[in-house]
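Student: There's a structure below that I have some questions on.
The values are calculated or read from the model by the stated rules, or taken from the named source; none is laboratory data. As the structure is a computational prediction, the values presented were derived from the model and not from experiment. All Cβ positions, glycine included, derive from the backbone under ideal geometry; neighbour counts span all protein chains shown.
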Amino acid sequence: MNDRFGVPLGGSRMARGAETLADALRQRGVSRREFLKFCAAMTATLGLPHDMVSQVTQTLEGARRTPAIYLEFQDCAGCTEAMLRMPHPTVAEVVLDILSLNYHETIMAPSGRAAEAAMTATIEEGGYLLMVEGSISTKDDGLYCCIGGRTAIDILEEAASKAVAVIAVGDCACFGNIPAANPNPTGAVGVRDLVRGVPVVNMAGCPVNAVNLAAIITHYLTFQSLPNLDRLGRPDFAYGERIHDHCQRRPHFDAGQFVERWGDPGHRSGWCLYKMGCKGPQTYHNCPLVEYNEGTSWPIKAGHPCIGCSEPQFWDTMTPFYRRLPEVPGLTVESNVDTIGLALTGVTAVAVGAHAVGSLLRKREEGDIRDRELGEQEETQGTVEEGGNDGQDRD
Ligand code: SF4
């Protein structure tokens, strides 16, 4: 059985006989130009200086197989879907191949005991990257999420014990996400709530952005370490700035031009979605820079407000999704916003408030002008009509 790129599924997916990424690239017929483009894109995504492209290129070319295990718990497999649809598929697939993905329930060919044996063998050898998608059920000793008769807690603890690092893929694995939304019936938590003694990186988002996932893997393969993380365990290169800071609609926010209703002239002209509930001012993610679907678009560009999917507990703190930000419950100390976040929230709230007031005043002013003009028109019409009536009366 092959994947959509014609690569055999299950066990090691790296091309037969390929020892390094350079070998794999040659066997796949990937041109050096394509590879260099990929390395330049990854270097830029990681926020590294451009002169590091050659180091990334050289290291990746010579990189040897790193075993990896990919676990799925309480999830929808959306992040796996996103990963399988990475841009630059040929090179990104090769990067994943060099991970020697030994266990991935959704895409591996073996099943049952054979699949579990592949994971056990990898764990025994140690020195692998562990990737986790989905939240982990902890209520009632974790019995609401069992695979092969074992709880997700057991499986995670065992798999993390000999991992060199853990990548939590998507918001469920990072913070619990939808399964953890109030009232959280399964006691769902993220990986960092359970794993100790192993570095964990949170690749938040619903789903994860595949470009960022490729970048974190590239970083690990290049430097054998994880990049700088924020206090929520998210890498700075992808979650260091707010969506609002780079949003293409930001000039309209600054100009007080807001969409007021779906499909109104402002919506059709690409104005700011703040009044339609956009959570961009409170959300840290590089969506406007990286976009989705091979850089084609992203929610705000497509006309939908940001719902804050890279933030913890966004189903509880960012809802109702279509209500404007200052009225969203949870934007307080209880929402786990850090001091910087709070300060920014304050600044944002002030800015947002100022723009809203400005917009309102402008609207009122426009309304007043319109009323005045209408009044003047009516007066003029009245005079004309009166004159006309006079004429009619005279007739
Ligand atoms: S409020 Fe939303 S749509 Fe408006 S500029 Fe900020 S991120 Fe963009």
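Student: Return the residue satisfying two criteria in turn: it lies in segment 19-47 and is part of a loop (DSSP other than H, G, I, E, B) and touching a residue at least 12 places away in the same chain (Cβ under 8 Å), and of such residues it is surrounded by the most Cβ atoms within 10 Å (Cβ to Cβ).
Tutor: Ranking the candidates gives L46 first.
Student: Has segment 35-42 got any residue that is at pLDDT 90 or above and either over 29 Å from M108 (Cα atoms) or not assigned by TED's automatic domain parsing to the domain that holds T106 (or both)?
Tutor: The answer is yes, given that some residue of segment 35-42 is at pLDDT 90 or above and either over 29 Å from M108 (Cα atoms) or not assigned by TED's automatic domain parsing to the domain that holds T106 (or both).
Student: Residues of segment 240-266 being out of contact with any Lys or Arg (no Cβ under 7 Å at 6 or more places or on another chain) and acidic (D, E), which ones?
Tutor: Within segment 240-266, E241, D245, D254, D264 qualify.
Student: Of the residues that make up segment 177-189, is at least one closer than 28 Å to C306 by Cα and part of a strand (DSSP E or B)?
Tutor: Looking for residues that are closer than 28 Å to C306 by Cα and part of a strand (DSSP E or B), one finds at least one in segment 177-189, hence yes.
Student: Could you list, in sequence order, the residues of segment 188-219 that are of a type in the set (G, A, S), in contact with a Gly (Cβ under 8 Å, 6 or more places away or on another chain) and under 14 Å from L156 (Cβ atoms)?
Tutor: Of everything in segment 188-219, those that are of a type in the set (G, A, S), in contact with a Gly (Cβ under 8 Å, 6 or more places away or on another chain) and under 14 Å from L156 (Cβ atoms) turn out to be A188, G190.
Student: Being within 9 Å of the ligand (Cβ to nearest atom) and either assigned to a loop (DSSP other than H, G, I, E, B) or surrounded by 16 or more Cβ atoms within 10 Å (Cβ to Cβ) (or both) is the filter here, so list the residues in segment 251-269 that pass it.
Tutor: Matches in segment 251-269: H252, F253, F258, V259.
Student: I've got another one for you. List pairs: first residue in segment 271-284 and in a helix (DSSP H, G or I), second residue more than 6 Å from the ligand (Cβ to nearest atom) and of a type in the set (D, E) anywhere in the structure, Cβ distance under 8 angstrom, at least six positions apart or on different chains.
Tutor: If the second residue must be more than 6 Å from the ligand (Cβ to nearest atom) and of a type in the set (D, E), the pairs left are K275/E260; Q282/E311.
Student: Exactly one of (1) more than 8 Å from the ligand (Cβ to nearest atom); (2) at pLDDT below 95; (3) part of a helix (DSSP H, G or I); (4) not charged (D, E, K, R) is unmet by A238. Its number?
Tutor: (2)
Student: Restricting the search to segment 292-310, which residues are buried (at least 19 other Cβ atoms within 10 Å of the Cβ) and more than 10 Å from the ligand (Cβ to nearest atom)?
Tutor: Answer for segment 292-310, where residues must be buried (at least 19 other Cβ atoms within 10 Å of the Cβ) and more than 10 Å from the ligand (Cβ to nearest atom): Y292, W298, I307, G308, C309, S310.
Student: For segment 115-126, check the following and say yes or no: at least one residue is at pLDDT below 90 and touching a Lys or Arg at 6+ places or on another chain (Cβ under 7 Å).
Tutor: no
Student: Is segment 173-193 home to any residue that is at pLDDT 95 or above, more than 30 Å from A41 (Cβ to Cβ), assigned by TED's automatic domain parsing to the domain that holds H104 and among the basic types (K, R)? Step through it out loud before you land on a result.
Tutor: Filtering segment 173-193 for residues at pLDDT 95 or above gives 173-193.
Now drop any that are not more than 30 Å from A41 (Cβ to Cβ), which leaves 176, 178-189, 193.
Subsequent filtering for residues that are assigned by TED's automatic domain parsing to the domain that holds H104 retains 176, 178-189, 193.
The next check asks that each one be among the basic types (K, R); those that pass are none.
No - not one qualifying residue is present in segment 173-193.
Student: Something else about it: For segment 65-75, give me each residue that is touching a residue at least 60 places away in the same chain (Cβ under 8 Å) and either not assigned by TED's automatic domain parsing to the domain that holds A165 or not in a strand (DSSP E or B) (or both). Walk me through how you get there before you give the answer.
Tutor: Of all residues in segment 65-75, those touching a residue at least 60 places away in the same chain (Cβ under 8 Å) come to 66-75.
Once the filter is applied, which keeps residues that are touching a residue at least 60 places away in the same chain (Cβ under 8 Å) and either not assigned by TED's automatic domain parsing to the domain that holds A165 or not in a strand (DSSP E or B) (or both), segment 65-75 yields T66, P67, F73, D75.
Student: The conditions are (1) outside any helix (DSSP H, G or I); (2) more than 14 Å from the ligand (Cβ to nearest atom); (3) surrounded by 23 or more Cβ atoms within 10 Å (Cβ to Cβ), and L213 fails exactly one of them. Which is it?
Tutor: The single condition L213 does not satisfy is (1).
Student: Can I ask one more? Give the residue that is surrounded by the most Cβ atoms within 10 Å (Cβ to Cβ), with candidates limited to residues of segment 128-150 that are within 28 Å of the chain's Cα centre (by Cα) and among the small types (G, A, S).
Tutor: In this case the residue turns out to be S135.
Student: Here is a further query. Could you please let me know if G256 is modelled with pLDDT under 95 and farther than 30 Å from C76 by Cα?
Tutor: Details: modelled with pLDDT under 95: yes; farther than 30 Å from C76 by Cα: yes.
Answer is yes for this residue.
Student: Go over the candidates G263, G197, G280 one by one and state the one that is assigned by TED's automatic domain parsing to the domain that holds Y322 and farther than 27 Å from E81 by Cβ.
Tutor: G263
Student: So, one more: If you scan segment 52-106, which residues turn out to be of a type in the set (G, A, S) and at pLDDT 90 or above?
Tutor: Of the residues in segment 52-106, the ones of a type in the set (G, A, S) are 54, 62-63, 68, 77-78, 82, 92, 100.
Listed by number, the residues that qualify are S54, A68, A77, G78.
Student: Any idea which of K162, K139 is modelled with pLDDT of 95 or more and in contact with a Ser or Thr (Cβ under 7 Å, 6 or more places away or on another chain)?
Tutor: Values: K162 fails: in contact with a Ser or Thr (Cβ under 7 Å, 6 or more places away or on another chain).
Going through K162, K139 in turn, the sole match is K139.
Student: Quick test of your reading of the structure: D171 fulfils all but one of (1) away from the ligand (no atom under 16 Å from the Cβ); (2) surrounded by fewer than 24 Cβ atoms within 10 Å (Cβ to Cβ); (3) acidic (D, E). Name the failing condition by number.
Tutor: (2) is the only condition that D171 fails.
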